[in-house]
Amino acid sequence: MSINVLIVDDSMTIRAMIKKALSLSIPELGEVHEAENGIMALARLTQTSMDLVLTDINMPRMDGVQLIAKMKQIPKLAGIPVVVISTDGSTERIRDLETLGIRGYLHKPFRPEQLKEVLSHILEISHDDQVVQSGNCDF
């Protein structure tokens, strides 16, 4: 079973690093789509079926918090697991994001092992690196 992922970040370099970390973290990685802000992400999400969204918080036009809030309002998107990857990691911010329903948080910079650990709880990746089932260098 392949896992389709949407990476949302306004930095092309960060998107490339996250994509590389994903390839090291998800044995059965499917399609990886990218968006540079929340508006583009919503368009991608309505066009293509995704199993996971990794998003930054601070982006132009529509930030990550607005994206997550909009996703929760759309029944088709509400159940997609969201992991935030950001430099904005205050306790209050993370608590607010958890209230919105995020499934994980990583502080930039992060190591691929940290991404794999967060994703293992969401995607139920076993110790032998096989995806059991989908529960819906530093980078």
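The values are calculated or read from the model by the stated rules, or taken from the named source; none is laboratory data. Given the structure is predicted, the values throughout are model-derived calculations rather than measurements. For neighbour counting, all protein chains shown are included, and Cβ atoms are generated from backbone atoms with ideal geometry for every residue, glycine included.
Listing for the model above:
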{"read-out": "Candidate set: region 16-40, residues that are part of a helix (DSSP H, G or I) and under 11 Å from the mean Cα position of the chain (by Cα); chosen: the one surrounded by the fewest Cβ atoms within 10 Å (Cβ to Cβ)", "value": "K19"}
{"read-out": "Of all residues making up region 121-131, the number that are modelled with pLDDT of 50 or more and surrounded by 18 or more Cβ atoms within 10 Å (Cβ to Cβ)", "value": "3"}
{"read-out": "Selection count where residues are exposed (fewer than 15 other Cβ atoms within 10 Å of the Cβ) and closer than 22 Å to E98 by Cβ, scope region 41-59", "value": "1"}
{"read-out": "Residue match in region 64-82 (condition: part of a strand (DSSP E or B) and farther than 18 Å from H121 by Cα)", "value": "no"}
{"read-out": "Meets criteria (out of contact with any helix residue (DSSP H, G or I) (no Cβ under 7 Å at 6 or more places or on another chain), within 19 Å of E113 (Cα to Cα) and among the hydrophobic types (A, V, I, L, M, F, W, C)) for I26", "value": "no"}
{"read-out": "Unique match (being at pLDDT below 95, in contact with a strand residue (DSSP E or B) (Cβ under 9 Å, 6 or more places away or on another chain) and either more than 23 Å from M1 (Cβ to Cβ) or of a type outside the set (S, T, Y) (or both)) among S86, S134", "value": "S86"}
{"read-out": "Residue in region 50-67 that is touching a His at 6+ places or on another chain (Cβ under 7 Å), among the charged types (D, E, K, R) and under 20 Å from S2 (Cβ atoms) present", "value": "no"}
{"read-out": "Qualifying residue in region 93-102 (condition: touching an Asp or Glu at 6+ places or on another chain (Cβ under 6 Å), of a type in the set (G, A, S) and surrounded by 13 or more Cβ atoms within 10 Å (Cβ to Cβ))", "value": "no"}
